[in-house]
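Step one of this worksheet: look at the structure below.
The values are calculated or read from the model by the stated rules, or taken from the named source; none is laboratory data. A quick note: this is a predicted structure, and the numbers were derived from the prediction, not measured. Positions of Cβ are backbone-derived with ideal geometry, glycine not excepted, and every protein chain shown enters the neighbour counts.
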């Protein structure tokens with residue numbers, strides 16, 4: 001966590017909150033969050049005086065665009081952004097603070113301390129880590145049935161493992177892969193090259209519908225996810241398979257099982273998703 005729908009929700013929220021704001025200074029309280037440049041003072045100096053023009057996303061990464069800089073930010077497990085007045089108390093585990101000229105502050109808080117920030121000149125971010133090897137964007141126009149089959153159909157790896165590989169398709173994490181496979185009626189351990197034509201169509205449609213519905217619901221607040229305004233996502237109330245071990249399947253009434261696939265806890269219905 002967070003996965004594509006949660007990051008997209010954060011992106012939309014931050015777009016409303018920080019677009020047009022000018023950075024006065026930046027405070028870095030935990031150096032390892034800043035990956036590029038590796039000098040936190042230089043990171044802060046380069047950002048001073050820049051105006052935020054928009055907030056984008058690539059997979060699970062945020063792209064905070066400025067007049068001639070791009071900040072690439074990964075929230076990892078528990079990273080959060082929030083906008084505060086400068087006179088509000090700073091919470092524990094707040095590692096980076098962007099002080100704006102209007103007296104507000106964008107604060108990055110991360111209990112687990114796994115988040116990262118990279119600074120680039122515009123366009124440079126796509127030619128360097130961490131964005132350079134990312135795969136298809138599942139909510140973009142370029143994500144077609146043909147594109148999905150081209151990148152996955154010839155692979156012998158288990159379909160769940162393939163869908164989790166960010167070099168093939170970006171943004172799909174454990175929750176949404178389980179949900180999409182259930183909707184498509186495909187067992188998570190099926191080799192990708194074993195899927196039939198109708199199964200590829202079902203999988204393609206289920207990926208889009210699952211992610212679209214999750215974005216509309218503000219993501220899933222599993223564990224501690226909240227958006228940029230401290231609001232919880234609500235898609236967890238619509239989950240049909242994930243987290244429902246030993247519960248009845250909503251389709252067939254069978255018992256939902258949980259196993260480990262590719263090192264990840266995996267939920268499926270053995271009746272609806274036969275191996």
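Below is a table of values for the structure above.
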{"quantity": "Checklist (1) closer than 29 Å to residue 203 by Cα; (2) without any contact (Cβ under 8 Å) to a residue 12 or more places away in the chain applied to residue 138, failing item", "calculated": "(2)"}
{"quantity": "Residues of segment 242-261 that turn out to be surrounded by 17 or more Cβ atoms within 10 Å (Cβ to Cβ) and at pLDDT below 95, as a count", "calculated": "2"}
{"quantity": "Residue 271 vs. criteria over 20 Å from residue 161 (Cα atoms) and modelled with pLDDT of 95 or more", "calculated": "yes"}
{"quantity": "Residues of segment 96-119 classified as surrounded by fewer than 18 Cβ atoms within 10 Å (Cβ to Cβ) and within 18 Å of the chain's Cα centre (by Cα), total", "calculated": "4"}
{"quantity": "Matching strands (runs of 3 or more DSSP E) fully within segment 1-95 where at least 2 residues are in contact (Cβ under 8 Å) with a residue 24 or more places away in the chain, more than 23 Å from the chain's Cα centre (by Cα) and at negative phi", "calculated": "23-28"}
{"quantity": "Selection from segment 260-275 of residues that are part of a strand (DSSP E or B) and either free of Cβ contacts under 8 Å to residues at least 60 places away in the same chain or farther than 12 Å from residue 245 by Cβ (or both)", "calculated": "260, 261, 264"}
{"quantity": "Flag for residue 12 being farther than 17 Å from residue 119 by Cβ and modelled with pLDDT under 95", "calculated": "yes"}
{"quantity": "Wholly enclosed helices (runs of 4 or more DSSP H) of segment 145-201 bearing at least 3 residues buried (at least 20 other Cβ atoms within 10 Å of the Cβ)", "calculated": "159-164, 174-184"}
{"quantity": "Residue match in segment 120-130 (condition: surrounded by 19 or more Cβ atoms within 10 Å (Cβ to Cβ), in contact with a helix residue (DSSP H, G or I) (Cβ under 6 Å, 6 or more places away or on another chain) and either part of a loop (DSSP other than H, G, I, E, B) or touching a residue at least 12 places away in the same chain (Cβ under 8 Å) (or both))", "calculated": "no"}
{"quantity": "Segment 171-200, residues that are at pLDDT 95 or above and under 15 Å from the mean Cα position of the chain (by Cα)", "calculated": "177"}
{"quantity": "The listed residue being buried (at least 18 other Cβ atoms within 10 Å of the Cβ) and more than 22 Å from residue 11 (Cβ to Cβ), out of 27, 40", "calculated": "40"}
{"quantity": "Test: residue in segment 134-150 that is under 15 Å from the mean Cα position of the chain (by Cα) and in the same structural domain as residue 213 (by TED's automatic domain parsing)", "calculated": "no"}
